[in-house]
Amino acid sequence: MEAKESCGVVGIISSEPVAVKLFYSMRTLQHRGQESAGMAVFQDGVSCVKGMGLVHEIFKKDDLQKLGGRAGIGHIRYSTSGESALHNAQPVVVSTAYGDIALGHNGDIVNADVLRKELHQKGWAFITTSDSEIIVRLLANAISESGDVVGALKSVMRMLVGSYSLVILVNGEVYAVRDPYGVRPLCIGRLPKGFIACSESVAVEILDGTFLRDVAPGEIIRLGKTGIKSYRGAGSRNPAHCMFEWVYFSRPDSVLQGRNVFRVRGNIGEILAKECPVDADMVFPIPDSGRAFAIGYSTESGIQFREGLIKNRYVERTFIMPEQEEREASVMLKLNPLKYLVKGKRVIVVDDSIVRGTTMRKIVQMLKSSGAKKVHLRIGCPPIIAPCYFGIDMKTRDQFIAAEKNLKGIAKKLAADSVGYVSIDGLVKAIGLPRKSLCLGCLTGEYPMAVPGEKQREQRSLNGFAKY
Ligand code: AMP
């Protein structure tokens, strides 16, 4: 399976060295990826360090303090069941006559295979199979021809179909680029001595910066020490922001498109309580992903909120483990019920989403064997029925528990007394953006742009972007 690129990116320019700042912001974005991380800084050329593991395992602050560059980018890569290897780590760096170019990418390029094939035919050789290498090579080629970075970015944007939030380091300058649909997040902030572009606003806050705004879909931003400059790279009439960023992926204290993630999750919980009420003694979350939803559910229903499951915070993500058995065992390692609390009680368990159902099935089993009288499941994401092609690791259709089952069938499979999902309308209302500006592809099977073999929300050709 090809690796999916759901990741975190950051770019900083400052009048001071940026390595330590990159380190802190990358640690802040760690939830966006735990497989590998890398940073590239510019000082008479690009120096790049990458490694496998968590940010603080790869970089030592003392070493970073010695790095002098005043412009740099960082990348955190998500672990998937795809190939997990250092050569997939980013930033990707290429040398050109114009200088070194480093790039960090969050997203998935849907036409990567087509582009790779075309370029192969022209005699280009590629070192990796990653989308990001294609982008940086196209860019390097275009910059070498014209010497104009913004013009080169515009021409590359016209070739790419898919999701991409990019940070690019070229000749000591940092650029931030967001695809015309704005699928994955990207924002900019002012730092005490410079500027930052990053996946989520929380990374601006921890550097004592001021959030400025989201990068607009199709926008190119050049960060300078004293200001930022915006260029229109490609136009977008209908953005397609990924709903899953609010539901699961982003940190609760981030603000995406003006909508705080924790608040959206709370709204979803309230709507869920209205849409799927049930009589029970207590409501509790699957920590930590379900917490904000459960608080909302409790507030709206008046059913008391409790913490009924205790989490071992030192156990890594179970979602990405390749074997079903291993995943199930890890759920037990990770979560354990408070038996005295749940014994003899009717409980509502709230989580953000069900994908394969592994986590939920195991939790219901644990709660029942701890003596819970009834276990009702309430889910803050409508049923996931279709794959994601734009950067979230959502498996193939046959793995989704919701793909062909009705609610009773799903409850039976999970051995729960009932299951309720928030509706798509409810989710859209909770986010507070117009439905047409969200990507709901994994919920509807209709995608904002052409994916081979899939339905499209609207027909838009690449040529459409060129006139902007
Ligand atoms: P599953 O056991 O396959 O149903 O996994 C569902 C749980 O994994 C959800 O409750 C989320 O907390 C988490 N999750 C959902 N999607 C992803 C993803 N793409 N990557 C990592 N974790 C995820």
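Scanning segment 386-425 for residues that are surrounded by fewer than 16 Cβ atoms within 10 Å (Cβ to Cβ), away from the ligand (no atom under 14 Å from the Cβ) and not in a loop (DSSP other than H, G, I, E, B) gives 407, 408, 409, 412, 425.
Would you pick out the residues in segment 350-360 that are assigned to a helix (DSSP H, G or I) and either more than 9 Å from the ligand (Cβ to nearest atom) or closer than 17 Å to residue 310 by Cα (or both)? Passing the criteria: 359, 360. Checked across segment 308-326, the condition of being under 30 Å from residue 431 (Cβ atoms), more than 9 Å from the ligand (Cβ to nearest atom), crowded, with 18+ Cβ neighbours inside 10 Å and at pLDDT 95 or above holds for at least one residue.
The number of residues in segment 42-80 that are assigned to a loop (DSSP other than H, G, I, E, B), in contact (Cβ under 8 Å) with a residue 12 or more places away in the chain and more than 25 Å from the chain's Cα centre (by Cα) comes to 6. Of the residues contained in segment 249-270, one or more are found to be in contact with an Asp or Glu (Cβ under 6 Å, 6 or more places away or on another chain), more than 30 Å from residue 169 (Cα to Cα), more than 16 Å from the ligand (Cβ to nearest atom) and outside any loop (DSSP other than H, G, I, E, B).
Counting the residues of segment 84-122 that are modelled with pLDDT of 90 or more, farther than 29 Å from residue 447 by Cα and not β-branched (Val, Ile, Thr) gives 5.
You will find that of 303, 310, the residue that is of a type in the set (A, V, I, L, M), without any contact (Cβ under 8 Å) to a residue 40 or more places away in the chain and in contact with a strand residue (DSSP E or B) (Cβ under 6 Å, 6 or more places away or on another chain) is 310 and no other.
If you go through segment 333-349 and keep only what is within 16 Å of the ligand (Cβ to nearest atom) and farther than 23 Å from residue 316 by Cβ, you end up with just 348.
So which of 36, 25 is modelled with pLDDT of 95 or more and touching a Leu at 6+ places or on another chain (Cβ under 8 Å)? The unique qualifying residue is 25. Being closer than 17 Å to residue 377 by Cβ, touching a residue at least 24 places away in the same chain (Cβ under 8 Å) and out of contact with any His (no Cβ under 9 Å at 6 or more places or on another chain) is true of residue 272.
Residue 371 satisfies every condition listed in (1) part of a loop (DSSP other than H, G, I, E, B); (2) touching a Ser or Thr at 6+ places or on another chain (Cβ under 8 Å) except (2).
The values are calculated or read from the model by the stated rules, or taken from the named source; none is laboratory data. If you're wondering where the values come from, they're calculated on a predicted model, not measured in any experiment. Neighbour counts run over all protein chains shown; Cβ positions are idealised from the backbone, glycine included.
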